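Trainee: I am attaching a structure below and will ask some questions about it afterwards.
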């Protein structure tokens, strides 16, 4: 019989003390079961949709959805049976890996394995976790994200490890996650109905180095560019991930983001204070004498602090590159402040890349992200960071994150072995992007040990900096 590992069976918490189930931390944990659920995708006789395409095909606009039927079982029951959907491979760089991530789009909304309080949605994602031999980077980052951003009310995807079958063939272990999108219960901001071009609505954006490539694709996302004063090195654009009816909305959003950055830069770097006019189209001087108060008018500061802490822990190379999500709800009921949430894409994090392997030293200030770089040296911002870190450490977040890594490795040892029996070349051929120590690993367990040791050192460094 399937057993729900409540609190991840945090008997492994006792690695760090004598905590009992009754004394368990109030931290958030994903669902873990002794039997890993199974998702089966049927597209007929061909597996071509999951094998044929590479990144060049995406750049040529050649990757389309194919019709599919989805069946989901949880070890005891069939939860979905042959539900109509469409599937396609997804990602950018990862499209060139043999085991590819997949997007599912159901014909009608479906809940999936209890994720996000069992709320139904059409779009879901299966992450292949190919680059990261431990297969735990995303799960660990999102565990941290839920207990940092999620605890403050900001959206983070729920997730669960699953086995995937495609047309009856075992395809490996995947991480089922949610699509980053505007939707109640996901990024819950205003969004216009089709045909409504009202500018004062909600906008979900991604800071994205791929924005020019995306713009060349059929059915591409709208995009815009903003010049970030004071940012050295390459600057990238923003792709809009929410519904846009016409170019006037894009122009309005670009103006808002540009002026928000200008307000912040002027306050931090020039000692000048501005705010928006009534239509949010121009700046007017304000009498504020506090940099923090000026910034707080246009930036949701707790979300920025939480985002900074998460990325300082993870040392995520994508921080200044792509998959960095932020939103601006300009509707009548919206906050009208830039909000940072929906963290995503951590498969290169936690010291696995040969160019970002150190667990010691500051990271976010050098990662090229304009919003974090602007505030990282502000004393008031660092005071907010230290206060939030004190809350997180008091709840035992560092220790329980380490226990989380150990628990997943123990509970899913046979599942990870089965995955690498299916994909042995990931072990035998390594990955040129990774540190030599990881390329010498010959099992998920060894790579998980690297993650555990790296995280231990990283937490020690941050405790030293933020005490």
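The values are calculated or read from the model by the stated rules, or taken from the named source; none is laboratory data. Because the structure is a prediction, the values reported are computed rather than measured. For neighbour counting, all protein chains shown are included, and Cβ atoms are generated from backbone atoms with ideal geometry for every residue, glycine included.
Trainee: Here is a check on your reading of the model: is residue 449 buried (at least 16 other Cβ atoms within 10 Å of the Cβ), farther than 30 Å from residue 271 by Cβ and in contact with a strand residue (DSSP E or B) (Cβ under 6 Å, 6 or more places away or on another chain)?
Mentor: It is false that residue 449 is buried (at least 16 other Cβ atoms within 10 Å of the Cβ), farther than 30 Å from residue 271 by Cβ and in contact with a strand residue (DSSP E or B) (Cβ under 6 Å, 6 or more places away or on another chain).
Trainee: If you check residue 126 against the conditions, is it in a strand (DSSP E or B) and crowded, with 22+ Cβ neighbours inside 10 Å? Lay out the reasoning, then the answer.
Mentor: Values: in a strand (DSSP E or B): yes; crowded, with 22+ Cβ neighbours inside 10 Å: yes.
When the stated conditions are applied, residue 126 passes them.
Trainee: (1) crowded, with 20+ Cβ neighbours inside 10 Å; (2) modelled with pLDDT of 95 or more: which one isn't true of residue 316, the others all being true?
Mentor: So the condition that residue 316 fails would be (2).
Trainee: Which ones in segment 426-442 are surrounded by 15 or more Cβ atoms within 10 Å (Cβ to Cβ) and either without any contact (Cβ under 8 Å) to a residue 24 or more places away in the chain or within 24 Å of the chain's Cα centre (by Cα) (or both)?
Mentor: 426, 430, 431, 433, 434, 435, 437, 438, 439
Trainee: When residues of segment 345-362 are filtered for being surrounded by fewer than 22 Cβ atoms within 10 Å (Cβ to Cβ) and closer than 28 Å to residue 128 by Cβ, how many remain?
Mentor: So the count comes out to 7.
Trainee: Suppose we keep only residues that are touching a strand residue (DSSP E or B) at 6+ places or on another chain (Cβ under 6 Å) and over 17 Å from residue 50 (Cα atoms) within segment 163-179. Which one would you say is surrounded by the most Cβ atoms within 10 Å (Cβ to Cβ)?
Mentor: Step by step, filter segment 163-179, then rank; the result is 177.
Trainee: Of the residues that make up segment 234-241, is at least one part of a loop (DSSP other than H, G, I, E, B), in contact (Cβ under 8 Å) with a residue 12 or more places away in the chain and surrounded by fewer than 19 Cβ atoms within 10 Å (Cβ to Cβ)? Even if it seems obvious, please write down each step before you answer.
Mentor: Within segment 234-241, the subset part of a loop (DSSP other than H, G, I, E, B) is 234-236, 241.
Checking which are in contact (Cβ under 8 Å) with a residue 12 or more places away in the chain leaves us with 234-236, 241.
With surrounded by fewer than 19 Cβ atoms within 10 Å (Cβ to Cβ) added as a condition, the list becomes 234-235.
Yes, because at least one residue in segment 234-241 is part of a loop (DSSP other than H, G, I, E, B), in contact (Cβ under 8 Å) with a residue 12 or more places away in the chain and surrounded by fewer than 19 Cβ atoms within 10 Å (Cβ to Cβ).
Trainee: Residue check: is residue 140 in a helix (DSSP H, G or I), at negative phi and modelled with pLDDT under 95?
Mentor: For residue 140, the condition - in a helix (DSSP H, G or I), at negative phi and modelled with pLDDT under 95 - is not met.
Trainee: Still on this structure: Every residue in segment 301-345 that is over 12 Å from the mean Cα position of the chain (by Cα), part of a loop (DSSP other than H, G, I, E, B) and more than 15 Å from residue 202 (Cα to Cα), please.
Mentor: 315, 321
Trainee: Out of curiosity, is residue 147 at pLDDT below 95, buried (at least 18 other Cβ atoms within 10 Å of the Cβ), outside the structural domain of residue 340 (by TED's automatic domain parsing) and more than 26 Å from residue 213 (Cα to Cα)?
Mentor: For residue 147, the condition - at pLDDT below 95, buried (at least 18 other Cβ atoms within 10 Å of the Cβ), outside the structural domain of residue 340 (by TED's automatic domain parsing) and more than 26 Å from residue 213 (Cα to Cα) - is not met.
Trainee: Related question: Quick one: how many residues across segment 242-275 are touching a residue at least 40 places away in the same chain (Cβ under 8 Å), more than 23 Å from residue 181 (Cβ to Cβ) and touching a strand residue (DSSP E or B) at 6+ places or on another chain (Cβ under 7 Å)?
Mentor: 1
Trainee: Only one of (1) out of contact with any strand residue (DSSP E or B) (no Cβ under 6 Å at 6 or more places or on another chain); (2) assigned to a loop (DSSP other than H, G, I, E, B); (3) in the same structural domain as residue 250 (by TED's automatic domain parsing) fails for residue 212. Which number is that?
Mentor: Status for residue 212: all satisfied but (2).
Trainee: Among the residues of segment 420-438, what is the count of those that are in contact with a helix residue (DSSP H, G or I) (Cβ under 8 Å, 6 or more places away or on another chain) and in a helix (DSSP H, G or I)?
Mentor: Residues flagged as in contact with a helix residue (DSSP H, G or I) (Cβ under 8 Å, 6 or more places away or on another chain) and in a helix (DSSP H, G or I) within segment 420-438 amount to 5.
Trainee: Another question about this same structure. Checking residue 16 against (1) more than 30 Å from residue 396 (Cα to Cα); (2) modelled with pLDDT under 95; (3) surrounded by 13 or more Cβ atoms within 10 Å (Cβ to Cβ), which test does it fail?
Mentor: Condition (1) is where residue 16 drops out.
Trainee: Oh, and also: Give segment 192-209 a look and list any residue that's in contact with a strand residue (DSSP E or B) (Cβ under 9 Å, 6 or more places away or on another chain) and either within 13 Å of residue 239 (Cβ to Cβ) or at pLDDT below 95 (or both), or say none.
Mentor: Those that are in contact with a strand residue (DSSP E or B) (Cβ under 9 Å, 6 or more places away or on another chain) and either within 13 Å of residue 239 (Cβ to Cβ) or at pLDDT below 95 (or both): 192, 203, 204, 205, 206, 207, 208, 209.
Trainee: Moving on to the next point. Could you please find all residues in segment 439-466 being closer than 21 Å to residue 346 by Cα and either at pLDDT below 95 or in a loop (DSSP other than H, G, I, E, B) (or both)?
Mentor: 439, 441, 443
Trainee: Taking only segment 388-398 into account, find how many residues are within 23 Å of the chain's Cα centre (by Cα) and assigned to a helix (DSSP H, G or I). It would help to see each step written out before you state the result.
Mentor: Residues of segment 388-398 within 23 Å of the chain's Cα centre (by Cα): 388-389, 391-393, 395-398.
If we keep only those that are assigned to a helix (DSSP H, G or I) as well, we get 388-389, 391-393, 397-398.
Residues meeting the conditions: 7.
Listed here are the residues, each with its yes/no results for (1) in contact (Cβ under 8 Å) with a residue 40 or more places away in the chain; (2) outside any helix (DSSP H, G or I); (3) under 30 Å from residue 263 (Cα atoms).
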position	(1), (2), (3)
365	no, no, yes
368	yes, yes, yes
373	yes, no, yes
377	no, yes, yes
381	yes, no, yes
386	yes, no, yes
405	yes, no, no
409	yes, no, no
414	no, no, no
